[in-house]
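Asker: Sharing a structure here in structure tokens format.
The values are calculated or read from the model by the stated rules, or taken from the named source; none is laboratory data. Source: prediction; values computed, not measured. As a convention, Cβ positions derive from the backbone with ideal geometry for all residues, glycine included, and neighbour counts pool all protein chains shown. Remember, those area values only see protein heavy atoms, side chains included, never the ligands or the DNA or RNA. Shrake-Rupley method; radii C 1.70, N 1.55, O 1.52, S 1.80 Å.
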Amino acid sequence: MSDIIVEGAQCECMFGQSKCQLLVTSNMTNKVKGKKIATILDFAPGINLSSFGTCKSPANPAYVASQSVGGPPPPCIPVTVAPWSPGASKTTLRKIPVLIKDSCASCAFAAVPQSISIVKPNQADMTTK
């Protein structure tokens, strides 16, 4: 069983300096304690996921360039290109899997897949399979 993720959950990237809060746009009506339930489709950069502060990924060309001149790490601009994975195996909203604590997302600038994770679901009272 895993925690269902709701709006305001804290996410982190292993190459970012800070955490960001998840904004839910895939579901406007289904809520838990007044908070919108997230689905795997809440992955859009700059919409669902804001900046993680600065980026220190060796796969990010801006980071490589900044390091070559001894500059500070560049601002993080996430480039998520696919939905979160995995989603809930049985719990869906309009046939879209609900986002769960074990879900991860990948940034195109990360050196490894599944670099973005959920560290605080913002909802611990409801679990799913």
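Asker: Return yes when SER117 is modelled with pLDDT of 95 or more, open to solvent by 20 Å² or more (accessible area, probe 1.4 Å) and closer than 29 Å to THR29 by Cβ and no when it is not.
Answerer: Working: modelled with pLDDT of 95 or more: yes; open to solvent by 20 Å² or more (accessible area, probe 1.4 Å): yes; closer than 29 Å to THR29 by Cβ: yes.
Yes: the conditions hold for SER117.
Asker: Next up: How many of the residues making up region 91-114 are in contact with a Cys (Cβ under 9 Å, 6 or more places away or on another chain) and either at pLDDT 95 or above or of a type outside the set (S, T, N, Q) (or both)? So that I can check it myself, show each step before the final result.
Answerer: First pass over region 91-114, keeping only residues in contact with a Cys (Cβ under 9 Å, 6 or more places away or on another chain): 105, 107, 109-110, 113-114.
In the following step, the residues that additionally are either at pLDDT 95 or above or of a type outside the set (S, T, N, Q) (or both) were identified as 105, 107, 109-110, 113.
Matching residues across region 91-114 total 5.
Asker: Might you check whether a residue that is without any contact (Cβ under 8 Å) to a residue 24 or more places away in the chain and open to solvent by 60 Å² or more (accessible area, probe 1.4 Å) occurs anywhere in region 95-108? Spell out the reasoning first.
Answerer: To start, the set of residues in region 95-108 that are without any contact (Cβ under 8 Å) to a residue 24 or more places away in the chain comprises 95, 104.
After this cut, where a residue has to be open to solvent by 60 Å² or more (accessible area, probe 1.4 Å) as well, the list is 95.
Looking through region 95-108, at least one residue is without any contact (Cβ under 8 Å) to a residue 24 or more places away in the chain and open to solvent by 60 Å² or more (accessible area, probe 1.4 Å).
Asker: State all residues of region 1-33 that are part of a loop (DSSP other than H, G, I, E, B) and either small (Gly, Ala, Ser) or buried (at least 20 other Cβ atoms within 10 Å of the Cβ) (or both); if no residue qualifies, say none.
Answerer: Residues satisfying the conditions are ILE5, GLU7, GLY8, ALA9, PHE15, SER18, LEU22, VAL24, SER26, ASN27.
Asker: So which residues in region 52-85 are closer than 23 Å to VAL119 by Cβ and open to solvent by 70 Å² or more (accessible area, probe 1.4 Å), if there are any at all?
Answerer: Those that are closer than 23 Å to VAL119 by Cβ and open to solvent by 70 Å² or more (accessible area, probe 1.4 Å): LYS56, PRO58, PRO75, ILE77, VAL81.
Asker: Select from region 34-44 the residues that are in a loop (DSSP other than H, G, I, E, B) and farther than 16 Å from SER117 by Cα and list them in ascending order. Write out each step before concluding.
Answerer: Quick first cut of region 34-44, residues in a loop (DSSP other than H, G, I, E, B) only: 34, 38, 40-44.
Scanning region 34-44 gives a single hit, GLY34.
Asker: I'd like to check something: does region 54-74 contain any residue that is closer than 28 Å to LYS36 by Cα and hydrophobic (A, V, I, L, M, F, W, C)?
Answerer: no
Asker: Okay, next question. How many of the residues making up region 45-62 are outside any loop (DSSP other than H, G, I, E, B) and of a type in the set (Gly, Ala, Ser)?
Answerer: Filtering region 45-62 down to residues outside any loop (DSSP other than H, G, I, E, B) leaves 45, 49, 54-55, 61-62.
Now restrict to residues that are of a type in the set (Gly, Ala, Ser): 62.
Residues that pass the stated criteria total 1.
Asker: Separate question: When the residues of region 63-79 are filtered to those that are assigned to a loop (DSSP other than H, G, I, E, B) and not hydrophobic (A, V, I, L, M, F, W, C), which remaining residue is modelled with the lowest pLDDT? Steps first, please.
Answerer: First, pick out the residues of region 63-79 that are assigned to a loop (DSSP other than H, G, I, E, B): 69-74, 76-79.
Right, trim to not hydrophobic (A, V, I, L, M, F, W, C) and you get 70-74, 78.
Numbers: GLY70: 96, GLY71: 96, PRO72: 96, PRO73: 96, PRO74: 97, PRO78: 93.
That would be PRO78.
Asker: Checking THR39 against (1) of a type in the set (Ser, Thr, Tyr); (2) over 12 Å from the mean Cα position of the chain (by Cα); (3) surrounded by 15 or more Cβ atoms within 10 Å (Cβ to Cβ), only one condition comes out false. Which one?
Answerer: Here THR39 meets the rest and fails (2).
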